[in-house]
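The values are calculated or read from the model by the stated rules, or taken from the named source; none is laboratory data. Nothing here was measured: the structure is a model prediction, and the numbers come from that model. Cβ atoms come from the backbone with ideal geometry, glycine included; neighbour counts cover every protein chain shown. Quick note on the areas: whole protein, heavy atoms, side chains included, nothing else; ligands and nucleic acids left out. Shrake-Rupley method; radii C 1.70, N 1.55, O 1.52, S 1.80 Å.
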Amino acid sequence: MENGFRNPSETTGKVITCKAAITWGPGEPFVIEEVRVDPPQKMEVRIKILFTSICHTDLSAWQGENEAQRAYPRILGHEASGIVESVGEGVMDIKKGDHVVPIFNGECGDCLYCKCEKTNMCERAGVNPFMTVMVNDGKSRFSCKEGKPIFHFLNTSTFSEYTVVESACVVKIDPDASLKTMTLLSCGVSTGVGAAWNIANVKAGSTVAIFGLGAVGLAVAEGARARGATKIIGVDINPNKFIKGRAMGITDTINPRDFEKPVHECIREMTGGGVDYSFECAGISEVLREAFLSTHEGWGLTVILGIHTSPKMLPLHPMELFTGRVIIASVFGGFKGKTQLPNFAKECMQGVVNLEDFITHELPFEKINEAFQLLIDGISVRCMLHL
């Protein structure tokens, strides 16, 4: 053992037996079990996970909200950090011992999408909630002790002491960076800050409305604050989130339950016609419509960040777009993971974004069910699990 985990020279090319949190059915408690993790194959990386946190997407998948995406048994988790244990054939940019964060929306660097500056999609390793196996051979790298395969999740499966991911989904970070805080760049913080910076390109002196003050919404606030927005309105039905929100850039708060009129009317009155930018972080159609209508006619921009259950359609009439308002969606904050995330990590190390404020709870990995309950109860922003 070295630094609290197996010596890579003793495990390279071998199956590793370790602990993982397995979900066996929708809403069933996670079970910590021993699993077998196969060595990485061509263009794959095996990572020793040191920290993993819980995102609302994990909660939705665990609850099985989208029936078409259900697959069991499965190892969930997609926000984490760790150290590379070994790499497969052909991996040149990552080596054993590197400090890394896995990302659900990868960047192979070779496909048509990766070569296009207009998108952060990737044909080979882009986000795909239906994908449950590895690209190379259509098989899982996880199995129970009895040999039954365990499905992968969002290219990452970080609720395990060891995981295998596509090299396109592994981002090398500065070894001097805190792995605990860098964990947040795997999803929530990158998604929110990136939406403000890369997608909306929030300008100094502008006005912003954020619908839903979970980790992503708070990350949007951090991003907007860093860009110099003067009024950042936070909208949520949980008033307990306003205290944390004000500490992270929110200047004004609205609880829809406190008003008889629609939220967008309140925001228009507060801003003299509407905000310059709105961000929908709730995944609720009715909230999306309020976010859209809260922006100013002529130039208002709405960015969709919430995950919406199918088969609901956009709650807009095409003619409403003729007012000059624009609506767009964002994945992973528009960041191209491998080429752009390392620079964002450096900015976070320099204090441009305060990552520590997002971590409200820390628990040992074995208490993962308690961590999920904290999120369900609206108590935690991010609960960091220590493996």
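Numbers below:
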{"item": "Every residue from segment 280-337 that is within 24 Å of GLU79 (Cβ to Cβ), among the polar types (S, T, N, Q) and surrounded by 13 or more Cβ atoms within 10 Å (Cβ to Cβ)", "result": "SER330"}
{"item": "In segment 83-94, the residues that are open to solvent by 40 Å² or more (accessible area, probe 1.4 Å) and more than 20 Å from VAL133 (Cα to Cα)", "result": "MET92, ASP93"}
{"item": "Filter pass, THR360 being polar (S, T, N, Q) and touching an Asp or Glu at 6+ places or on another chain (Cβ under 9 Å)", "result": "no"}
{"item": "Flag if ILE359 is open to solvent by 30 Å² or more (accessible area, probe 1.4 Å) and within 16 Å of the chain's Cα centre (by Cα)", "result": "no"}
{"item": "GLY97 vs. criteria open to solvent by 20 Å² or more (accessible area, probe 1.4 Å) and on the phi > 0 side of the Ramachandran plot", "result": "yes"}
{"item": "Selection status of THR57, outside any loop (DSSP other than H, G, I, E, B), open to solvent by 30 Å² or more (accessible area, probe 1.4 Å) and hydroxyl-bearing (Ser, Thr, Tyr)", "result": "yes"}
{"item": "Checking ALA196 against (1) closer than 19 Å to THR339 by Cβ; (2) in contact with a helix residue (DSSP H, G or I) (Cβ under 6 Å, 6 or more places away or on another chain); (3) not acidic (Asp, Glu), the condition it does not meet", "result": "(1)"}
{"item": "Among residues of segment 60-82, those that are in contact with a strand residue (DSSP E or B) (Cβ under 8 Å, 6 or more places away or on another chain), of a type in the set (A, V, I, L, M) and surrounded by fewer than 20 Cβ atoms within 10 Å (Cβ to Cβ), counted", "result": "1"}
{"item": "Conditions (1) in a loop (DSSP other than H, G, I, E, B); (2) modelled with pLDDT of 95 or more: number failed by MET313", "result": "(2)"}
{"item": "Filter result for GLU2 (more than 26 Å from the chain's Cα centre (by Cα), modelled with pLDDT of 95 or more and loosely packed, with under 14 Cβ neighbours inside 10 Å)", "result": "no"}
{"item": "Tally, over segment 202-223, of residues that are assigned to a strand (DSSP E or B) and open to solvent by less than 10 Å² (accessible area, probe 1.4 Å)", "result": "4"}
{"item": "Candidate set: segment 61-99, residues that are among the small types (Gly, Ala, Ser) and assigned to a loop (DSSP other than H, G, I, E, B); chosen: the one nearest to the chain's Cα centre (by Cα)", "result": "GLY77"}
{"item": "Any helices (runs of 4 or more DSSP H) falling wholly within segment 235-301 and containing at least 1 residues that are within 20 Å of GLY194 (Cα to Cα) and modelled with pLDDT under 95", "result": "241-247"}
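Residue-by-condition table, conditions (1) part of a loop (DSSP other than H, G, I, E, B); (2) open to solvent by 60 Å² or more (accessible area, probe 1.4 Å):
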residue	(1), (2)
VAL101	no, no
CYS111	yes, no
CYS116	yes, no
ASN120	yes, no
GLU123	yes, yes
THR132	yes, no
SER140	yes, no
GLY147	yes, no
